[in-house]
Amino acid sequence: MKNVYFLSDAHLGSWAIPHRRMHERRIVNFLDSIKDKAEAIYILGDLFDFWHEYKYVVPKGYTRLLGKISELTDNGVEVHFFTGNHDLWVHNYFEEECGMIVHRDIACVTEICGRLFYLAHGDGIGTSDRKFMMLRRVFHNSLCQRLFASVHPRWGMWFGLKWAEHSRRKHEVEGGEPPFFGEDKEELVVFAKKYLITHPNINYFIFGHRHIELDLHLQRESRLFILGDWIDKFTYAVFDGEHIFMENFIEGETNP
């Protein structure tokens, strides 16, 4: 079989990231470099720093990325898109115009070449942060979504991008993404270990959201990956049907 790729957290369009066009081109170049090797690509959320899809309007930009994804799907590559906490306001544009398979549930369990994968962006899984969970419920509430959609896109998109920029700037001031907390304190790891008690057949847990690189053996036949990001690390996971491993994309690389 061809390879299956997993990546997340590009946060394209972020006002807090300089050289936004170059940022987009890097991930487009990566997708172009794997187009003949890929059977499927799983994008596990936060591809965009803010995405709100109105009924007749979609956000400005991203033409290179969406064109490349459309090329991939036209050529038979499955591209799966998981909504993250920054780009959950997705309706049918990606499916109808770009051929993507959109996953809106908090997680997906799927079998790939005889191995069982637990795939999710990671927000809302195992967290004890009540403020975050309350905000997540508001964002996912259908009434709140309809009310926000009634705001003119000029102001709706500005507000969303400004909120996301403020969040990232504050995060940077506080020292950036905290490092790995350890197996007993890292929420996604704690969740996966508990999940394995009742679902021992899961071979691979793969998450985004945390912006750290992690490849951790949970049991003899079970591993957990956190995919890093496409802001500083440019990391992704590859499954070749037998083995899975993490890689970093280097511009100009020929065999990712």
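The values are calculated or read from the model by the stated rules, or taken from the named source; none is laboratory data. Note that the structure is predicted; figures quoted are calculated from it, not measured. FYI the Cβ positions are ideal-geometry reconstructions off the backbone, even for glycines, and counts take in every protein chain you see. What goes into the accessible areas is simple: the full protein's heavy atoms, side chains included, and nothing from ligands, DNA or RNA. Shrake-Rupley method; radii C 1.70, N 1.55, O 1.52, S 1.80 Å.
A few notes on this one:
- Of the whole protein surface, Phe148 contributes about 50 Å² of accessible area at a 1.4 Å probe radius.
- Overall form of the range 152-256 per C-alpha gyration tensor (a/c, 1.5; a/b vs b/c): prolate
- For the range 178-236, the fraction of C-alpha pairs more than 16 angstrom apart is 41%.
- The chain: relative contact order in percent, alpha carbon pairs under 8 Å with at least 6 residues between: 24
- Once backbone amide H atoms are built at 1.01 Å from N, Ile41 has Tyr5, Glu78, Val79, His80 as its partners under 5 Å, excluding neighbours fewer than 5 places away on the same chain.
- The listed residues Arg21, Arg220 rank as Arg220, Arg21 when sorted by accessible area, largest first, using a 1.4 Å probe.
- Relative to the Cα centre, the charge distribution of the range 3-248, modelled as +1 at Lys and Arg Cβ and -1 at Asp and Glu Cβ, gives a dipole magnitude of about 940 debye.
- Solvent-accessible heavy-atom area per residue, rounded to whole Å², over the chain at 1.4 Å: 52
- Taking label points 7 Å from Cα along the Cα-to-Cβ direction, His140 and Val173 give a separation of 3.0 nm.
- Net length gained if the chain between His166 and Lys2 were fully extended (0.36 nm per residue, minus Cα distance): 55.0 nm
- Using Cβ point charges alone (K and R +1, D and E -1), the dipole size of the range 1-101 about the Cα centre works out to roughly 420 debye.
- Of the residues Ser128, Ser167, ranked by 1.4 Å probe accessible area with the largest first, the sequence reads Ser128, Ser167.
- Considering only the range 141-256, percent of DSSP beta bridges that pair antiparallel, nearest 5: 75
- Lysines with Cα under 29 Å of Lys35, excluding same-chain neighbours fewer than 8 positions away: Lys2, Lys60, Lys68, Lys233
- In the chain, a dipole from Cβ-located charges (positive for Lys and Arg, negative for Asp and Glu) runs towards its positive end, and of Phe159, Val77, Leu12 it is Phe159 whose Cα lies farthest in that direction.
- Over the chain, the hull volume per residue, using the convex hull of the C-alpha atoms, is 130 Å³.
- Accessible carbon and sulfur surface of the chain relative to its total accessible area, %, 1.4 Å: 52
- Antiparallel DSSP beta bridges within the range 1-121, as percent of all bridges there, nearest 5: 25
- Using the average count of surrounding beta-carbon atoms within 10 Å as a protection proxy, the listed peptides 106-116, 31-41, 4-14, 223-233 rank, highest first, as 4-14, 223-233, 31-41, 106-116.
- Across the range 87-101, computed HN-Hα scalar couplings (Karplus, 6.51 cos²θ - 1.76 cosθ + 1.60, θ = phi - 60°) run 9, 7, 8, 10, 10, 10, 4, 4, 6, 6, 9, 10, x, 6, 9 Hz from first to last residue, x flagging Gly and Pro.
- DSSP bridge orientation in the chain - percent antiparallel, rounded to nearest 5: 45
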